Amino acid sequence: MTAKRALHPRQGILDIAPYVPGKSTVAGGGPVIKLSSNETPFGPSPRAIEAYLKEAQTLSRYPNGSARPLREAIAKLYGLDPARIVCGAGSDELLSLLATAYLGPGDEAIYSRHGFLVYRIVILASGATPVVAPEKNHTADVDEILARVTPATRMVFLANPNNPTGTYITFDEVKRLRAGLPEDVVLVLDAAYAEYVRANDYEAGIELVATTHNTVMTRTFSKIYGLASLRIGWAYCPDAVADALNRIRGPFNVSAIAAGVAALEDRASMARAVEHNDTWLGRMSEALTSLGLGVTPSAANFLLVHFPGNGQSAADADTFLQSRRIILRRVAEYGFPGALRMTVGTEEENLAVLDALKAFLGATGAKRQ
């Protein structure tokens, strides 16, 4: 009788801590204020909703196999070559495809200390080794990244702006990073929050992709465009990288293509979202700071809020806020056990958070006296 052999996943898979998304519900009935996932407070463009509902009439048909209408719409908006655009099921799938295409056992890939958790997941899933570079002031540090490059380095992931900190590095620093990396290292610029950035010294990555053979920029429709549940992302790549990704991506991997096109074309909805975020990002930062809380300067649509501890910890604040049916994001797994991440919400939601935190700090402060 043949002995049974144990079934094991590939090396590295069981080292992966599954990604845990932001909490979306609390116990009991009634509405919640959900500011845990960096979603837009305004929802999708009405034109995107209309296009999505129209697409529902043809659910029995496969979508365009290369997402050609969406790639052409993106190319038209940004002045790009549609052949160098690859679309995916959110930018997360594209990060995974890049790791699959260019990483394997014996390779290393670098990301910054507080970088997006998905980087570690896709590196380990490919069989490669993740290398973590320290940050400075909760911001990616080019010198620290370059110091960790070895002959085994094959990829660097840079979220710019970064999640969950909201910090960014300037385009000059990104170019310095690219120039300091070996020619055979792919630099992946994750620009999921690029549309929110108002800084003059920022560039999402289009220029570097256009002028180098080893840089990729990823973007998403999940944030400012409000299409998180549809899972639409895109990457702008050198020709050879686009060819590699198209060889391994699943066929028909992007659905709701017309909704994505409509969202891109509705510039008024996007402008409204940018203006609202620009206003309330500053207001909330000032208001939270006036309460005695620490706030990491952010260029995105969220704030990393630091609590003092000693009865006023992030965990205590989270429990109190949830008692008021307000959900922020715990970020201990990112290395911030003393902080909560707050998405910029509607005016009413933002004010409700401030009122709740005032009550929390007042109540816990009185207990400490």
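The values are calculated or read from the model by the stated rules, or taken from the named source; none is laboratory data. Predicted model only: the values in this text are computed from it and were never measured. Here Cβ is always computed from backbone atoms with ideal geometry, including for glycine, and neighbour counts include all displayed protein chains. For the accessible areas, the whole protein counts, side chains as well, though only heavy atoms, and no ligand, DNA or RNA atoms are used. Shrake-Rupley method; radii C 1.70, N 1.55, O 1.52, S 1.80 Å.
Tabulated values for the structure
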| read-out | value |
| --- | --- |
| Options A199, A204, A210, A192; residue that is under 12 Å from the mean Cα position of the chain (by Cα) and open to solvent by 10 Å² or more (accessible area, probe 1.4 Å) | A192 |
| Tally, over the range 113-156, of residues that are in a loop (DSSP other than H, G, I, E, B), under 20 Å from H213 (Cα atoms) and either free of Cβ contacts under 8 Å to residues at least 24 places away in the same chain or open to solvent by 60 Å² or more (accessible area, probe 1.4 Å) (or both) | 1 |
| In the range 327-348, residue modelled with the lowest pLDDT [restricted to those that are charged (D, E, K, R) and surrounded by fewer than 18 Cβ atoms within 10 Å (Cβ to Cβ)] | E333 |
| Residues located in the range 36-73, provided they are open to solvent by 60 Å² or more (accessible area, probe 1.4 Å), in contact (Cβ under 8 Å) with a residue 60 or more places away in the chain and among the hydrophobic types (A, V, I, L, M, F, W, C) | F42, I49 |
| Of all residues making up the range 7-35, the number that are open to solvent by less than 80 Å² (accessible area, probe 1.4 Å) and farther than 30 Å from D266 by Cβ | 9 |
| In the range 74-112, the residues that are farther than 19 Å from R178 by Cα, open to solvent by 40 Å² or more (accessible area, probe 1.4 Å) and outside any helix (DSSP H, G or I) | G79, D81, P105, G106 |
| Matching residues, the range 157-214, being closer than 21 Å to L245 by Cα, part of a loop (DSSP other than H, G, I, E, B) and aliphatic (A, V, I, L, M) | V185, A191, A192, A204 |
| Any hit, the range 164-185, residues being within 23 Å of N253 (Cα to Cα), modelled with pLDDT of 95 or more and open to solvent by less than 30 Å² (accessible area, probe 1.4 Å) | no |
